[in-house]
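Student: Have a look at this one before I ask anything.
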Amino acid sequence: MIGQHSTEPEKKTCPHLGEAYQPFVNPQLEDPYSFYKRARVEEPLFYSPLLNGYVATRYDDILTILKDPARFSSADTLSPIVEFTPEVFQVLRQGFPLVRDLVNSDGEEHKRLRAPFMKVFAPERLEAMEDSIRAIANKLVDNFVNDGQADIISQFAYPLPLEAILTMYGIPLDRMAELKQWCYDMNALISSPLTPEEQVQCARSMVAMQHFVAGLIEGRRNAPRNDLISNVITSDLNMPELVRILVGLIQAGHKTSSHLIGNALKHLLERPQLWQAICDDPSLIPAALEEVLRYDAPVPAMSRTTTQDLELAGVQLPKGTRIFLMYASANRDETKYSDSDRYDIERFKQAQANHLAFGHGVHHCIGSNLARREARIALEILSSRLTNLRLRPNQELTHVPTMIFRGFTDLFVEWDIPQKG
């Protein structure tokens, strides 16, 4: 737990940005980038009382951390940002033991947990899913194509990757609304400031989802199918490990993609000439998405914990210090990217993408290629089917108030209804 680490330094450096860092409320919720820009110059590694940990903002410092898992452990990555109440622990005890998973494991244990899933997310497996993802996307567009308007988040960007991963798991789609709520609550439990009552409710959702997935595992053991669960239950992972990882993959596996799609649409549509460019030439879409990943990453932060006393960015950090790695800041670092605050659709057209949106090294996101594929298909279909797609004017855009994911609560779009005949 965060509260168990005593990470506050005895004397604060000057200037000290920690008190000013308030990422869950405006203006920083909507625009964290201006604050990070200031931090990279004034205090690139600062202590945040709110998070009870340090915040790293520079590309090179964050890359140093990601390349050194021995000194910077992932063990606390999924620790909540607030202390759980005793009631929350009481609820969580009704679920499965909190074993390590892909995100919060290190070394050989991480390799062992990751190995069965490498096969599931292998390029040839993802290639085979292309038609299925395209069919889901087209079906979703069919539902609203004649309306001339939609909330593209709730009607498309969210259900597309969620339905795709449920299809991979062999989960009936009538459970989708329930799973969506459970995932939302689980994310809030870890990475949003909640009241004690909200914590308990979110913990109940986590336990419900664990038992649901455990039931799926038992079902596949009795009657295997050609799906993701059947492919991994033959590994040496035990039941709590399988439950924890499979639950995490549903959650991360759709949220990352849905926020990537939503963020991409916002940035492309608010610059109509860019949207027109990908309509005219869909081969621009992959580079446009890599730039969205850099410019407005759907996973803006992760954390690590020091395994020994060390120095980073001129700051002495004791063993057990939690550091929040702000990928969102690293990806705007002016020492790495020219004109870093500009969305440039051609930035990665020739150059290799070197952003940190999916992390780096041993913990590089296992589902990154699935997310890219889903987002590419989403943009291909929307740009070909919705004529003159545009943002609804004068809407107020708000972001989900969470540390781990960055995306919009809703995004309203309009288009010309296709003429029949």
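Student: Run the dipole for the chain about the Cα centre, Lys and Arg Cβ at +1, Asp and Glu Cβ at -1, nothing else charged, and hand back the magnitude in debye, nearest 20.
Tutor: The dipole of the chain has a size of about 700 debye.
Student: Still on this structure, I have one more. Going by a ≥ b ≥ c, the root eigenvalues of the Cα gyration tensor, does the stretch 1-150 fall in the rounded group (a/c under 1.5), the prolate group (a/b larger than b/c) or the oblate group? Working shown, then result.
Tutor: Details: a/c = 1.75, a/b = 1.38, b/c = 1.27.
Cα axes put the stretch 1-150 in the prolate bin.
Student: Classify the stretch 213-334 as rounded, prolate or oblate, taking a ≥ b ≥ c as the square roots of the eigenvalues of its Cα gyration tensor: rounded when a/c is under 1.5, otherwise prolate if a/b is larger than b/c and oblate if not. Present the calculation step by step, with values, prior to reporting the outcome.
Tutor: Details: a/c = 3.54, a/b = 1.15, b/c = 3.09.
It comes out oblate by the Cα gyration axes.
Student: For every other residue with a beta carbon closer than 11 angstrom to the beta carbon of MET129, add +1 if it is Lys or Arg and -1 if Asp or Glu, then tell me the sum.
Tutor: Details: positive: ARG125, ARG134, ARG373; negative: GLU124, GLU127, GLU130, ASP131, GLU374.
Once all neighbours under 11 Å are counted, the net charge is -2.
Student: Sticking with this structure for a sec: Note down the accessible area of SER34, probe 1.4 Å, to the nearest 10 Å².
Tutor: Using a 1.4 Å probe on the heavy atoms, I get roughly 70 Å².
Student: In addition: Answer with a single label: of (i) 43; (ii) 33; (iii) 40, which was calculated as percent of Cα pairs over 33 Å apart from the structure in view?
Tutor: The value matching this structure is (ii).
Student: May I pose another question? Which whole-Hz couplings ³J(HN,Hα) result when phi for each residue of the stretch 88-97 is put into the Karplus expression 6.51 cos²θ - 1.76 cosθ + 1.60, θ = phi - 60°, listed in order with x for Gly and Pro?
Tutor: 5, 4, 4, 5, 4, 5, 7, x, 8, x
Student: OK, next. How many nm is it between the label spots at SER154 and ASP309, if each spot is 7 Å from the Cα in line with the beta carbon?
Tutor: Here the answer is 5.5 nm between the modelled labels.
Student: If each DSSP helix of 4+ residues adds -39,500 (n - 2.57) and the sum is divided by the residues in the chain, what number results at 222 nm, nearest 500 deg cm²/dmol? Working shown, then result.
Tutor: Numbers: 15 runs with 197 residues, N = 421.
Counting only the DSSP helices, I get -15000 deg cm²/dmol.
Student: Still on this model: Can you give me the Cα centroid spacing of the stretch 86-128 and the stretch 363-413 in angstrom?
Tutor: 26
Student: What relative contact order, as a whole-number percentage, does the chain give when Cα pairs under 8 Å and 6 or more residues apart are counted? Walk me through the intermediate numbers first.
Tutor: Numbers: 666 pairs, mean separation 107.3, N = 421.
The value is 25 percent.
Student: Compare the Cα positions of LEU289, GLN210, ILE152 along the charge dipole of the chain (+1 at Cβ of Lys, Arg; -1 at Cβ of Asp, Glu; about the Cα centre) and return the one farthest towards the positive end.
Tutor: GLN210
Student: While we're on this one: Residues with amide H under 5 Å of VAL299's amide H, sequence separation 5 or more or different chain, H placed in the peptide plane at 1.01 Å from N; which?
Tutor: Sorted by chain and number, the residues that satisfy this are ARG406.
Student: Quick check on the stretch 301-415: take the gyration tensor over C-alpha atoms, sort the square-rooted eigenvalues as a ≥ b ≥ c, and tell me if it's rounded (a/c under 1.5), prolate or oblate. It would help to have the intermediate numbers written out before the result.
Tutor: Working: a/c = 2.19, a/b = 1.93, b/c = 1.14.
The shape class here is prolate.
Student: Filter the DSSP H helices in the chain by two things, a Kyte-Doolittle mean of at least -0.5 and an axial alpha-carbon span of 24 angstrom or more, and list the hits by number.
Tutor: 123-144, 196-222, 239-269, 368-385
Student: Next question, about the same structure. Sorted by accessible area (1.4 Å probe), largest first, how do GLU218, GLU19, GLU241 line up?
Tutor: On the way: GLU218 85, GLU19 115, GLU241 20 Å².
Largest to smallest exposure gives the sequence GLU19, GLU218, GLU241.
Student: Another question about this same structure. Just name one of SER132, LEU29, SER338: the one whose Cα is farthest towards the positive end of the charge dipole of the chain (beta-carbon charges, Lys/Arg +1, Asp/Glu -1).
Tutor: Result: SER132.
Student: By accessible area of protein heavy atoms, probe 1.4 Å, what ranking do CYS183, CYS279 get, highest first? Could the numbers behind the result be given before it?
Tutor: Details: CYS183 0, CYS279 45 Å².
Per-residue accessible area, sorted high to low, gives CYS279, CYS183.
Student: Here's another thing I want to ask about it. Be a star and scan the stretch 83-106 for residues whose amide nitrogen sits under 16 Å from the point 7 Å along the Cα-to-Cβ vector of MET118.
Tutor: 102-103, 106
Student: Moving to a separate point now. How big is the charge dipole of the stretch 1-150 about its Cα centre, in debye rounded to the nearest 20, if each Lys and Arg gets +1 on its Cβ and each Asp and Glu gets -1 on its Cβ? Could the numbers behind the result be given before it?
Tutor: On the way: 17 positive and 23 negative charges, 67 e Å.
Computed about the Cα centre, the dipole is about 320 debye.
Student: A further question follows. A 26 angstrom limit on the alpha carbon distance is what I want to check against. Which of LYS139/LYS349; LYS37/LYS319; LYS111/LYS349; LYS139/LYS420; LYS67/LYS336; LYS67/LYS180 exceed it? Intermediate values should be presented prior to the final figure.
Tutor: Details: LYS139/LYS349 31 Å; LYS37/LYS319 28 Å; LYS111/LYS349 33 Å; LYS139/LYS420 18 Å; LYS67/LYS336 17 Å; LYS67/LYS180 34 Å.
Correct reply: LYS139/LYS349; LYS37/LYS319; LYS111/LYS349; LYS67/LYS180.
Student: Also, I was wondering about something else. Give the long-range amide H neighbours of LEU312: residues separated by 5 or more places, or on another chain, with amide H under 5 Å away, using H modelled in the peptide plane at 1.01 Å from N.
Tutor: Long-range HN contacts for LEU312: LEU317.
Student: Further question on the same structure: Over the stretch 240-321, what is the relative contact order in percent, taking alpha-carbon pairs closer than 8 angstrom and at least six residues apart?
Tutor: Working: 44 pairs, mean separation 18.4, N = 82.
It comes to 22 percent, rounded to a whole number.
Student: Full-extension gain between THR398 and VAL25, please, as 0.36 nm times their residue separation minus the C-alpha to C-alpha distance.
Tutor: Values: separation 373, 0.36 × 373 = 134.28 nm, distance 1.05 nm.
Full extension of this stretch gives 133.2 nm more.
Student: For the stretch 90-240, with only Lys/Arg (+1) and Asp/Glu (-1) charged at the beta-carbon, what is the dipole magnitude about the Cα centre, in debye rounded to 20?
Tutor: It comes to approximately 480 debye.
Student: Starting from the stretch 206-261, pick out the trypsin sites (Lys or Arg not before Pro) whose DSSP state is loop and whose Cβ has at most 13 other Cβ atoms within 10 Å. It would help to have the intermediate numbers written out before the result.
Tutor: Working: sites: ARG220, ARG221, ARG225, ARG244, LYS255; in loops: ARG225.
Qualifying residues, ordered by number: ARG225.
The values are calculated or read from the model by the stated rules, or taken from the named source; none is laboratory data. What you see is a predicted model, and the numbers here were worked out from it, not measured in a lab. Neighbour counts run over all protein chains shown; Cβ positions are idealised from the backbone, glycine included. Heads up: the accessible areas ignore ligands, DNA and RNA and are worked out on the full protein's heavy atoms, side chains in. Shrake-Rupley method; radii C 1.70, N 1.55, O 1.52, S 1.80 Å.
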